[in-house]
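Okay, so here's the structure we're looking at.
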Amino acid sequence: MNIDHRPRQPKWSTDLCQCGEDPSTCLITCCLPCITFGRIAEVLDEGQSCKFEHTIRLHVQNACVAEGCVYGLLMLIQCHWILSCVYREKLRSKFGLPEDPCSDCCVHCCCEPCALCQEHAELKHRGLNPSKGWIGPPTAPPQLPPSMYR
């Protein structure tokens, strides 16, 4: 009997070039990648806006809009892939995914739309639908019943 007890490293639910499996996300990403990026960032940041936005005093109710605006501004100077690279690394570390097929920066620099579609599909596969935004409350300490004290 051959039993392998080594833990297997998780892998991406879709390949980088499987963008067409979700046509609506693919279309949105090709035309307005800032929307797809904003949705991904909102879910990964659990509804909180990033520190960069707090630094420039950008107070928007919806973290998706805020992240999308920052991404859109970076698109004007062709540096948007750097920000999305940071969020790909955040997604990978959250779920223990490998750098596949190459480094995060290389993936986003060379194939930004496919990378965003893959990340969107990965979050959806794990039960977090970026199209619906962050549903749960931001990370906060658990609420105790009134009769209990810390």
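Some points to look at:
- Ordering 114, 95, 75 by the projection of their Cα atoms onto the charge dipole of the range 69-133, which places +1 on the Cβ of Lys and Arg and -1 on the Cβ of Asp and Glu, puts 95 at the extreme positive end.
- Ranking 88, 39, 126 from most to least accessible surface, computed with a 1.4 Å probe over the protein chains only, gives 126, 39, 88.
- Proximal aspartates and glutamates relative to residue 90, as straight alpha-carbon distance under 17 Å, when same-chain residues fewer than 8 apart are discounted: 42, 45, 46, 67, 99, 100, 104, 112, 119, 122
- Taking a ≥ b ≥ c as the square roots of the eigenvalues of the Cα gyration tensor, the range 64-129 is oblate, since a/c reaches 1.5 or more and a/b is not larger than b/c.
- Rolled with a 1.4 Å probe across the full set of protein chains, the surface gives residue 32 an accessible area near 90 Å².
The values are calculated or read from the model by the stated rules, or taken from the named source; none is laboratory data. Just so it is clear, the structure is predicted and the values come from calculations on it, not from any experiment. Note that we place each Cβ from the backbone using ideal geometry, even for glycine, and neighbour counts take in every protein chain shown. Protein only, heavy atoms only, side chains kept; ligands, DNA and RNA dropped before computing areas. Shrake-Rupley method; radii C 1.70, N 1.55, O 1.52, S 1.80 Å.
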